[in-house]
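Working notes, beginning with the structure itself.
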Amino acid sequence: MYLDKENLKDVEILPKDKYPQKGDKACKIRSDIDELIKEVGLKDGDFISFHHHLRNGDKVLVMVMEAIKRANIKDLTLVASSIFPTHESIIPLLEDGTIKNIVASYISGPVGEAISKGKLKGNLIMQSHGGRARAILEDEVKIDVAFIGSPSADENGNISGVNGTNECGSMGYAIADSLKAKKVVAVTDYLADYPNYPADITEDYVDYVLMVESIGLKSGIVSGTTMITKDPIGLKIARDTLTAMIATGLVKDGMSFQTGAGGISLAVADFLRDYMIEKEITGSFASGGITGYLVQMLEEGLFKALYDVQCFDLKAIESLKVNPNHIRMSGSQYGNPHVSNVVDNLDIVILGATEIDTDFNVNVTTGSHGMLMGGSGGHQDTAFGAKATIIVSKLFSSRIPFIKDRVDCITTPGNTVDILVTERGITVNPIRKDFVESFKAAGVETIDIHELKEYAEKVMGKPEKIEKTDRVIGLSQSRDGSILDYIYQVK
């Protein structure tokens with residue numbers, strides 16, 4: 001280092017004929033994916049990452065993995081924020097060793113079933129969205145090449161999620177990847193004029209722009225339930241949830257709120273909207289994966305701002321384009337436990353569950369058959385951060401009781417879950433003595449979770465134990481990096 005020199009006259013000065021030439025700039029645009037795989041220097045054992053903002057409409061992951069297969073590169077660790085049914089064709093790559101390990105926040109569909117049956121030769125780590133950002137930013141997970149599905153990019157690599165044929169909205173889950181990966185590839189089907197703005201990821205973090213025919217279909221973003229339930233039982237649960245929210249004392253001016261995109265959760269948001277209008281309540285912010293229902297509440301002045309880490313429908317994308325109070329955020333700002341984050345400022349979060357146990361541990365990772373069918377996503381992050389974490393669910397699913405002695409896999413630990421609302425009543429976690437007292441003061445009846453479990457088993461019988469091998473195929477990781485539970489191979 002020049003500062004180490006005792007005499008700066010010893011430093012060699014660049015001669016005139018070696019000066020950098022004005023206007024010299026390497027072209028970032030590529031069109032041959034096979035050549036690009038060679039150019040980035042991908043090799044056996046590397047870590048590669050993808051994001052899921054196009055959800056079940058994504059084509060980038062499969063496209064890139066097929067090119068890697070052609071290059072005969074093996075033993076990769078796939079760091080995909082989420083894996084959906086559309087990614088089914090990567091299953092042979094698990095079997096032949098192209099993909100050895102997987103790190104993800106959510107896995108559904110055939111890939112989850114294949115992993116559950118032991119087709120992944122290495123290990124699986126299931127993280128939360130905030131935990132994923134933490135692990136990448138702290139170099140716990142070191143990414144060699146990030147392939148970022150980009151709705152639009154310009155020639156220098158500025159990536160925007162609200163421009164292009166297949167806009168996805170906020171690209172919060174890809175930001176940590178762009179910051180830390182050794183090489184970053186923007187994969188796009190829409191080359192925008194420079195500068196492409198507003199940019200979710202800027203040109204200084206992008207090494208290549210790969211032009212492809214299609215990155216996917218934005219219609220796949222809306223895969224899954226994004227409509228308010230019309231089921232009378234679901235609507236009863238939603239009404240009782242509003243009652244529980246009011247009983248906490250947190251539904252007041254300045255409140256912050258998050259809910260999912262499931263039918264019951266959206267019904268809760270709809271009932272909350274009516275209540276806020278009636279009582280003239282204005283909240284501070286709503287957050288998370290944003291739906292058109294939350295956009296409507298923003299536009300009606302019921303919340304001052306939306307914090308958006310991913311868009312769950314097309315109305316949310318349109319809002320992000322035009323409303324300055326609809327704010328993008330990264331996965332780290334959303335839920336990284338080691339920095340100041342949005343979820344730690346939440347008052348109330350409404351969450352679903354696959355199952356819950358009498359210690360209030362929640363599973364959203366595996367189904368009643370023991371197969372991988374989901375994952376934490378932001379579930380664990382928001383449960384840790386919110387002042388009131390409320391789980392909403394029917395007491396039975398496919399004739400199987402919802403409450404267990406012990407969940408199959410702990411996704412969200414019970415000490416962060418405060419209230420459960422079912423069609424048979426509201427139960428409060430006894431460790432939340434403040435809520436026990438506030439519910440009494442509000443005259444809201446509650447029921448012990450053990451009584452709910454006994455009722456369900458009396459009606460439906462006790463569920464049979466899931467048959468599994470003794471092989472641990474994966475780990476359920478807490479957002480801080482500690483391990484919550486094992487994931488076993490099913491028989």
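The values are calculated or read from the model by the stated rules, or taken from the named source; none is laboratory data. Worth saying up front: this structure is predicted, and the values here are computed from it rather than measured. Quick reminder, even Gly has a Cβ in these numbers, built from the backbone with ideal geometry, and neighbours come from all protein chains shown. Keep in mind that these areas ignore ligands, DNA and RNA; they rest on the heavy atoms of the full protein, side chains included. Shrake-Rupley method; radii C 1.70, N 1.55, O 1.52, S 1.80 Å.
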Reachable aspartates and glutamates, given that their alpha-carbon falls under 16 Å from the alpha-carbon of Lys230 and they are not under 8 places away in the same chain:
Asp240, Asp270, Glu423
Under 11 Å from a label point 7 Å along Cα→Cβ of Ala442: give me every residue in region 249-282 with its amide N that close.
249-252
Does anything in region 162-193 have its amide N under 17 Å from the 7 Å Cα→Cβ label point of Val339, and if so which residues?
171-182
Sort 264-270, 246-252 by packing, meaning the average of other beta carbons within 10 Å per residue, with the highest value first.
264-270, 246-252
1.4 Å probe accessible area per residue over region 32-123, in Å²
35
What lysines sit close enough to Lys279 to cross-link, taking a C-alpha to C-alpha distance under 23 Å and skipping anything fewer than 8 places away on the same chain?
Lys236, Lys252, Lys304, Lys387, Lys440
Within region 237-276, find all residues whose amide N lies under 20 Å from a label point positioned 7 Å from the Cα of Lys304 along Cα-to-beta-carbon.
250-259, 273, 276
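Would you please classify the overall shape of region 19-70 from the alpha carbon gyration tensor, given that a ≥ b ≥ c denote the square roots of the eigenvalues, rounded means a/c under 1.5, and beyond that prolate means a/b larger than b/c while oblate covers the rest?
Working: a/c = 2.52, a/b = 1.77, b/c = 1.43.
Because a/c hits 1.5 or more and a/b exceeds b/c, region 19-70 counts as prolate.
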Kindly identify region 364-491 as rounded, prolate or oblate by the Cα gyration tensor criterion: order the square roots of the eigenvalues as a ≥ b ≥ c, call it rounded if a/c is under 1.5, otherwise compare a/b with b/c, prolate if a/b is larger, else oblate.
oblate
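Pull out the extension gain between Asp17 and Arg471, defined as 0.36 nm times the separation in residues minus the alpha carbon to alpha carbon distance; nm, one decimal.
Working: separation 454, 0.36 × 454 = 163.44 nm, distance 6.51 nm.
Additional length available on full extension: 156.9 nm.
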Indicate, rounded to the nearest 5 percent, the antiparallel portion of the DSSP beta bridges found entirely in the chain.
25
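Quick one: grab the alpha carbon gyration tensor of region 157-268, order the square roots of its eigenvalues as a ≥ b ≥ c, and give me rounded if a/c is under 1.5, else prolate or oblate depending on whether a/b is larger than b/c. Mind dumping the intermediate values first?
Details: a/c = 3.52, a/b = 2.18, b/c = 1.62.
In terms of gyration-tensor shape, prolate.
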Give me the percent of accessible area attributable to carbon and sulfur for the chain, probe 1.4 angstrom.
50
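If each residue of separation counts as 0.36 nm, what is the full-extension length gain between Lys38 and Arg70 once their alpha-carbon separation is subtracted? Can you show the working numbers first?
Details: separation 32, 0.36 × 32 = 11.52 nm, distance 1.11 nm.
Net length gain for the segment: 10.4 nm.
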Placing +1 on the Cβ of each Lys and Arg and -1 on the Cβ of each Asp and Glu in the chain, which of Gly263, Met460, Ser128 has its Cα farthest towards the positive end of the resulting dipole?
Met460
Relative to the present Cα-Cα distance, how much length would full extension add between Asp405 and Met1 at 0.36 nm per residue of separation?
139.2 nm
